[in-house]
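Here the structure is laid out as structure tokens; the discussion comes afterwards.
The values are calculated or read from the model by the stated rules, or taken from the named source; none is laboratory data. Computed from a predicted structure; not experimentally measured. Cβ: placed from backbone, ideal geometry, glycine included. Neighbour counts: every protein chain shown. In case anyone asks, the SASA skips ligands and DNA or RNA and just uses the protein heavy atoms, side chains included. Shrake-Rupley method; radii C 1.70, N 1.55, O 1.52, S 1.80 Å.
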Amino acid sequence: MRISELSARSGVPIPRIKYYIREGLVPRAQPTADDPGGYGDDHLHRVRLIRAMVTIGGMSIATARTVLTELDSPTPEVPVVLGQAMLGINARSDDAPSENRARAARVVDDLVAARGWNLAEDEPARDALITAVETMLDTGHADLLGHLDVYAEAADRIADADMASVATTDSAAAIVEKAVLGTVLGEIFIGSLRRLAHSDRARRRFWPGEGDDAEQ
């Protein structure tokens, strides 16, 4: 297919596809006599994958390149590529830690210990969670941390569902790709569903009865 068709089928503008090619994220076209355009289904799949990670998931180009490099290796490793994906969507700011940083770390470590989670020492999501807890403490809303165990329980159930989905795939590359998409887009799923539920609860609490006529 030509790049115009690749753009139409993937939903990604031609200039952006060319940028991905220049950055080495998408292989260059391989024109043949039967296919002068030189783009095939593998290109389409790669462009759609990058769109999911970068445009929708908010991953940086640099992180996407690292993830794709691991994905293209002969034996891609799920923990490695997931760690890179989490760094891409949970990058911590360069601000200096506040006086509550140590207290936040203890809160998170106690939670991890209570859940019995087996984590790497440099787990990027741990640092992101500590920063979130630190911010809650800094802003005087420590009471909201009482919900952490509820979130952790939900996270356990979500992780079990994610792993069950990955377990149905035999190909190492497919497992890694599905895990990355589950990580990146799962953040959007969880955040969006939470906001929808918040909207429902707020309407029930502050505007009870609204919409009853429409249901009758």
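Among the residues of this structure, residue 156 counts as one that is assigned to a helix (DSSP H, G or I) and either open to solvent by 40 Å² or more (accessible area, probe 1.4 Å) or at pLDDT 85 or above (or both).
Here is a check on your reading of the model: is residue 126 of a type in the set (Lys, Arg), modelled with pLDDT of 85 or more, closer than 17 Å to residue 187 by Cβ and in the same structural domain as residue 177 (by the TED database)? Before the answer, list the steps.
On the way: of a type in the set (Lys, Arg): yes; modelled with pLDDT of 85 or more: yes; closer than 17 Å to residue 187 by Cβ: yes; in the same structural domain as residue 177 (by the TED database): yes.
Answer is yes for this residue.
The combined condition, being in the same structural domain as residue 125 (by the TED database) and modelled with pLDDT of 85 or more, is not fulfilled by residue 162. Count of the stretch 115-132 residues, restricted to those that are surrounded by 11 or more Cβ atoms within 10 Å (Cβ to Cβ) and either touching a Gly at 6+ places or on another chain (Cβ under 9 Å) or assigned to a helix (DSSP H, G or I) (or both), is 11.
For (1) surrounded by 12 or more Cβ atoms within 10 Å (Cβ to Cβ); (2) modelled with pLDDT of 85 or more; (3) within 25 Å of the chain's Cα centre (by Cα), each residue gets a yes or a no:
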site	(1), (2), (3)
136	yes, yes, yes
142	yes, yes, no
149	yes, yes, yes
152	yes, yes, yes
188	yes, yes, yes
210	no, no, no
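Annotation: residue 26 fulfils all but one of (1) open to solvent by less than 60 Å² (accessible area, probe 1.4 Å); (2) closer than 14 Å to residue 2 by Cβ; the unmet one is (2). Just to be sure before I move on: is residue 175 surrounded by 17 or more Cβ atoms within 10 Å (Cβ to Cβ) and at pLDDT 90 or above in the structure I sent? No, not satisfied.
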